[in-house]
Each structure stands twice: as structure tokens, then as C-alpha cells.
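Structure first, commentary second.
Nothing in this text is a laboratory measurement; each read-out follows from the coordinates by a stated rule. Note that the structure is predicted; figures quoted are calculated from it, not measured. Note that we place each Cβ from the backbone using ideal geometry, even for glycine, and neighbour counts take in every protein chain shown.
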Amino acid sequence: MTTCALAGLAVAALSLTACAPPGASGGGEAVEDTKPAYTPEADETADGFDLDALIAAAQEEEPITIYDQTGKVVQIAEAFSEKYDVEATGVKIETNVIEKVRTEGKSGNVIGDVVASAEVAGVYSLIEDDVLTNWVPGDMYDQLPESARFPFLNLYETYVWTYNSDVYPDGCPVSNVWELTEDEWQGQTALPDPEKFATYPIGWNQTARDHSAEYDAAYEEQYGEALETEEADSVHEWLKRFAGNSPLVGKDAEAPSDAVGGAGQPDPAIALIPGSKYRNNEDKGYAQAVCTDLMPNAGWTVPQSMAYATNTKSPNLAKLYIHFATSQEGMEFVMPDGKASFSPEVKPAEDPYGLLALDEEGQLQPYSTEYLTDDFAQISAWLDFWRSNR
């Protein structure tokens with residue numbers, strides 16, 4: 001875990017206690033979460049965690065299923081099953097996982113015993129409703145920053161503005177996000193469908209609430225005058241213009257990656273995509289590169305949260321999987337995709353695309369865990385705003 005990412009979360013946790021601007025609906029101030037003082041269970045502490053006892057208990061339980069946004073969950077579950085002589089099945093679910101898990105929890109028919117999702121606000125809502133249970137491996141708890149313990153943030157990745165470095169060998173063709181709202185880039189930007197990937201409306205909500213001053217400054221830098229808008233803030237104004245500039249919307253993150261990196265494109269798009277899609281540089285021969293030094297930032301830091309179903313029949317096996325998936329051994333499956341642990345003890349062998357270094361350089365917007373209830377509540381309002389301006 002990079003120290004800057006930890007610092008970013010810590011700074012956000014301190015600074016966001018101040019009065020926050022309106023949410024997407026433009027009415028009322030965001031209210032900071034009233035999280036209870038989190039007291040770890042005995043097996044979440046170094047003294048109370050007993051891996052051998054957990055393994056023995058897990059091996060007596062029924063098979064489990066893991067929901068995750070990465071296809072690597074299949075390999076992780078297979079390696080886990082082989083290592084501990086248990087049965088676990090990994091299932092990739094990129095969209096609507098929060099609603100699916102909530103439905104399972106209410107019906108009492110638990111299928112997903114472990115859930116990992118970058119929709120941290122949604123995971124938190126499920127924990128609040130006792131559909132999911134927060135659990136941190138006891139041998140990791142003390143290594144984590146407090147902001148990564150509740151809800152448990154098992155890893156983070158970057159969502160970055162990306163361009164085609166073959167077509168633009170001298171660097172990113174834009175230096176300011178406001179340029180992406182201009183006629184020159186009409187129909188030449190891309191992102192996954194925000195109606196399927198709540199990380200985007202959550203990201204917009206955090207940006208508007210916590211970073212609108214940076215968009216004000218970027219506008220003034222670009223146009224030489226202060227922004228005048230009838231919208232709630234500069235982020236709403238930016239999104240209105242961006243949505244109205246005919247961005248390409250993909251059914252998943254692969255489509256905008258194709259729009260950027262595909263060979264032979266005379267006018268490739270610029271896209272805001274998860275850094276895991278940079279593996280297409282090797283897998284497909286793409287030429288994706290980060291728009292570094294972009295105002296106000298090159299992208300976002302986006303964490304993932306992992307928890308287990310409160311009503312699972314196999315709580316010990318679920319815990320053992322969480323322990324494995326977040327250990328050095330388990331993280332080796334996903335760290336090559338530019339993902340990293342919040343634990344400084346779990347280290348990637350390299351930063352193959354320079355994505356983690358962006359955080360150390362202060363080029364990424366930090367993620368706040370202080371207003372998760374507001375982030376979740378505002379998703380619909382942001383999507384209405386997005387749809388109305390497209």
C-alpha cells in the first residue's frame with residue numbers, strides 16, 4: 001500500500017467533518033456517517049486470531065460461493081480450495097451485486113457467502129442492515145489504517161483518464177478536464193455505463209461534495225474567468241456539459257478501453273476507466289497511457305470492500321477465504337492488474353503501469369469513507385442528472 005493513499009484517506013477523514021455542500025439533488029447538506037465505535041471481535045485481534053483453529057472449523061462447513069467484480073475470483077477460489085482442502089466457487093458479478101445480495105438476505109436464501117465490491121457505500125448499507133457482516137483478519141487488523149477497518153477495505157485500484165499513446169506520442173492531448181466538454185471532444189470520450197457501475201455516481205458525489213473548489217480552479221485556469229453556473233456547484237456543471245457532449249458509454253469497462261487503445265484508430269477516445277484494464281496493453285497490444293498532470297486530477301482512488309453474508313451457513317469458511325484472498329498469496333492474483341492492499345505488509349512486486357505511483361504523486365482524488373450513507377443515497381439523483389443531460 002502506498003503511504004500517500006493511506007494519508008489521503010486519513011486527511012479526508014479529518015477534513016470532511018466540516019460543513020459539506022449539497023448532494024446531487026441540490027438540497028440539504030451531506031451528513032457525516034454516525035458509525036458506531038467499531039470494536040473488533042476476538043478473532044479480529046492479533047491475540048484472538050488462531051489460523052489453525054479457523055482452518056479446522058472451516059473444513060467442517062458447507063461449500064461457499066464468492067461474488068467479486070474481477071474474473072480473477074475464479075482462480076483465487078480454486079487456489080484457496082486446493083490449499084485448504086475445502087470447496088469454494090468464485091463468481092464474477094460486475095453489476096447489481098448490492099441489490100442481488102440484499103434480495104438474498106431478505107429472502108433467507110444466501111447464495112453469495114462472501115461479497116467483494118468497489119461499491120463501498122453499497123456494502124456499508126448492507127452491513128448497516130445486517131445483511132453482511134464486517135470482518136477483518138486478526139493478523140491484519142493492526143496493519144490497517146482505521147479508515148480501512150470498518151467497512152473493511154481489502155484493496156484499492158485507480159480509475160484514470162486514459163489516452164492512446166501511439167496516436168499521441170507527445171502525451172495526453174488535453175491538460176484540463178473542462179476540455180473534454182468542448183466541441184473538439186464531442187463523441188470522443190468514453191466510460192462504462194454509470195447506470196450499471198455505481199462507482200461512477202459515487203465518484204461524482206464525492207467530487208461534488210469534497211472537491212468542487214478544484215473544479216472551480218480548473219475552470220478558471222482553462223478559461224481565464226470564474227465559472228458562473230445555475231447548477232449546485234462546478235462539478236454538476238462539468239458533468240452536465242460532459243454528458244451533453246455525446247460520450248461513448250460501454251456496457252462494461254472493456255468497451256471504453258477498446259475505444260481508447262484499439263489499433264488503427266485515427267481519433268481514439270479519452271476514457272475514465274479502471275486501471276485493471278491496462279492489462280489490455282499486453283493482452284491486446286493496446287497503447288493506453290494515463291493523462292498525467294491533468295487538472296484537477298488524473299483520476300480517482302477507488303477501494304473495494306469485502307464482507308461475508310450474515311446468514312451464511314459457513315461463516316468460518318467465509319472468514320478463511322477473506323483471510324486468504326487478502327493475504328500476500330491471494331493478492332498475487334490481482335496485484336499485476338494495478339491493485340494494491342491497504343496493508344503495508346502485502347506488497348506488489350512491481351507497479352507495471354505506474355498507476356500506484358500516481359497516488360504517491362498526489363495526482364488522484366482520494367476516496368472518503370466518512371459519508372458512505374450519503375454516497376449511497378445520492379446514486380439515484382446523480383443518475384437522474386446524468387440521464388437528463390445526455
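Can you list the residues, at least 5 places off or on another chain, whose amide H is less than 5 Å from the amide H of M295, using H built in the peptide plane?
N176, V177
Nearest 10 degrees, 0 to 90: what angle lies between the long axis of helix 379-389 and the longest principal axis of the chain (Cα atoms)?
Helix 379-389 and the main axis of the chain meet at about 30 degrees.
Using a ≥ b ≥ c from the Cα gyration tensor of the range 232-388 (square roots of the eigenvalues), is it rounded, prolate or oblate, where a/c under 1.5 gives rounded and otherwise the larger of a/b and b/c decides, a/b for prolate?
Verdict is oblate for the range 232-388.
Need the full-extension length gain, A53 to K35, defined as separation in residues times 0.36 nm minus the C-alpha distance. One decimal, nm.
That works out to 3.4 nm of additional length.
Would you kindly derive the ³J(HN,Hα) couplings of the range 275-284 from the backbone phi angles with the Karplus curve 6.51 cos²θ - 1.76 cosθ + 1.60 (θ = phi - 60°), listing them in order in whole Hz, with x for Gly and Pro?
So the J values, rounded to whole Hz, are x, 4, 6, 5, 5, 5, 4, 8, 5, 10.
So if R0 is 41 Å, what FRET efficiency would E62 and E360 give, r being the distance between their Cβ atoms, rounded to the nearest 0.05?
0.40
Give me the Kirkwood hydrodynamic radius of the chain in Å, from all C-alpha pairs, to one decimal place?
21.5
Once you have a ≥ b ≥ c as the square roots of the Cα gyration tensor eigenvalues for the range 194-312, tell me rounded if a/c is under 1.5, and otherwise prolate or oblate according to whether a/b is larger than b/c.
Since a/c reaches 1.5 but b/c is at least a/b, the shape of the range 194-312 is classed as oblate.
Full extension from N311 to Y168: what is 0.36 nm times the residue separation minus their Cα-Cα distance, to one decimal in nm?
Taking N311 through Y168 to full extension adds about 46.2 nm, to one decimal.
Fewest first, what order do K240, K277, K284 take by the number of other Cβ atoms within 10 Å?
With the sparsest Cβ surroundings first, the list reads K284, K240, K277.
Using only DSSP helix segments of four residues or longer, with each worth -39500 (n - 2.57), what per-residue ellipticity at 222 nm results for the chain after dividing by its residue count and rounding to 500?
-10000 deg cm²/dmol
Reachable aspartates and glutamates from K35, Cα under 20 Å, same-chain residues fewer than 8 places away excluded?
Within the straight-line limit of under 20 Å, K35 reaches these aspartates and glutamates: E44, E119, E128, D129, D130, D142, E146, D210, E370, D374, D375.
Would the range 297-350 count as rounded, prolate or oblate if I go by the C-alpha gyration tensor, calling it rounded below 1.5 in a/c and otherwise prolate when a/b exceeds b/c, oblate otherwise?
oblate
According to a simple spin-label model (label point 7 Å from Cα along Cα-to-Cβ), what is the distance in nm between E254 and D129?
Each label point is offset 7 Å from its Cα along the Cβ direction, giving 3.0 nm.
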